[in-house]
Amino acid sequence: MRFVSIALAFIISLILQTTILPFLRLGGVSPDLLLVLVIFNALFYGSLAGGVVGFAAGLAQDLLGGHYLGLGALSGFVVGYLMGRLERRVNLDNVLVAFSLVLAGSFVAGAVYSLGQGILDSSLNIRLLWHLSATGALYDACLAALLFRPLARLFGGPVPGRVEIVQPGKIIYR
């Protein structure tokens, strides 16, 4: 059931990413809901799942409107894999941790994409790369902070403010 819910979330976010979210541009950048889902998936399920899902999500974005076929898949794979390496090494029941990790992951994705674009166009502009990557990362991190509780529930992690009974007689308050 969880797999179906996660797959449905990715399909819905892909539809939103290609139809509505481009109209929410700030500073030349629109939010990347698929990337936020890829990062959460990687943090909860590891580097293999993160890399595969990141590649698939990036390729789907490339096929539906990317200018450079494969560049979104590459950046999604890199971020999914790197964020997946942090599985079980970070405490994901704090919204600031999720904010920071999405900020870092989104910056890496933007940098990989911009570097690839600059290499393919033979016109690498570091100032533009920094501006777009930083703006996009901040936008995605704010989106992740807003969606933290539903995404934590979706991916099966601890939700802050919920009481969990770990063993009979032991209660953890989050």
Condition broken by Leu120, with the remaining ones in (1) among the aliphatic types (A, V, I, L, M); (2) assigned to a helix (DSSP H, G or I); (3) surrounded by 18 or more Cβ atoms within 10 Å (Cβ to Cβ); (4) touching a residue at least 40 places away in the same chain (Cβ under 8 Å) satisfied: (3)
In region 75-90, the residues that are under 10 Å from Ala109 (Cα atoms) and surrounded by fewer than 20 Cβ atoms within 10 Å (Cβ to Cβ): none
Of all residues making up region 28-51, the number that are within 18 Å of Arg149 (Cβ to Cβ) and not β-branched (Val, Ile, Thr): 7
Close pairs from region 44-73: first in contact (Cβ under 8 Å) with a residue 12 or more places away in the chain and among the polar types (S, T, N, Q), partner in a helix (DSSP H, G or I) and surrounded by 17 or more Cβ atoms within 10 Å (Cβ to Cβ), Cβ under 7 Å, at least 6 apart: Ser47/Tyr81; Ser47/Gly84; Gln61/Gln17; Gln61/Leu34; Gln61/Gly72
Flag if Leu147 is surrounded by 17 or more Cβ atoms within 10 Å (Cβ to Cβ), out of contact with any Cys (no Cβ under 8 Å at 6 or more places or on another chain) and modelled with pLDDT of 80 or more: yes
Scope region 93-102; condition surrounded by fewer than 20 Cβ atoms within 10 Å (Cβ to Cβ) and under 14 Å from the mean Cα position of the chain (by Cα); matching residues: Val97, Phe99, Ser100
Given (1) over 17 Å from Ser133 (Cα atoms); (2) free of Cβ contacts under 8 Å to residues at least 60 places away in the same chain, number of the condition Asn94 does not satisfy: (2)
Yes/no for Leu115 being modelled with pLDDT of 90 or more and not basic (Lys, Arg): no
Output for region 52-68, where each listed residue is in a helix (DSSP H, G or I) and of a type in the set (Gly, Ala, Ser): Gly54, Ala56, Ala57, Gly58, Ala60, Gly65
Region 18-51, subset among the hydroxyl-bearing types (Ser, Thr, Tyr) and part of a helix (DSSP H, G or I), residue modelled with the lowest pLDDT: Thr18
Region 69-95, residues that are part of a loop (DSSP other than H, G, I, E, B) and on the phi < 0 side of the Ramachandran plot: Leu69, Arg85, Leu86, Glu87, Arg89, Val90, Asn91, Leu92, Asp93, Asn94
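The values are calculated or read from the model by the stated rules, or taken from the named source; none is laboratory data. These numbers come from a predicted model, not from an experiment. In this analysis, Cβ positions are derived from the backbone assuming ideal geometry, glycine residues included, and neighbour counts consider all displayed protein chains.
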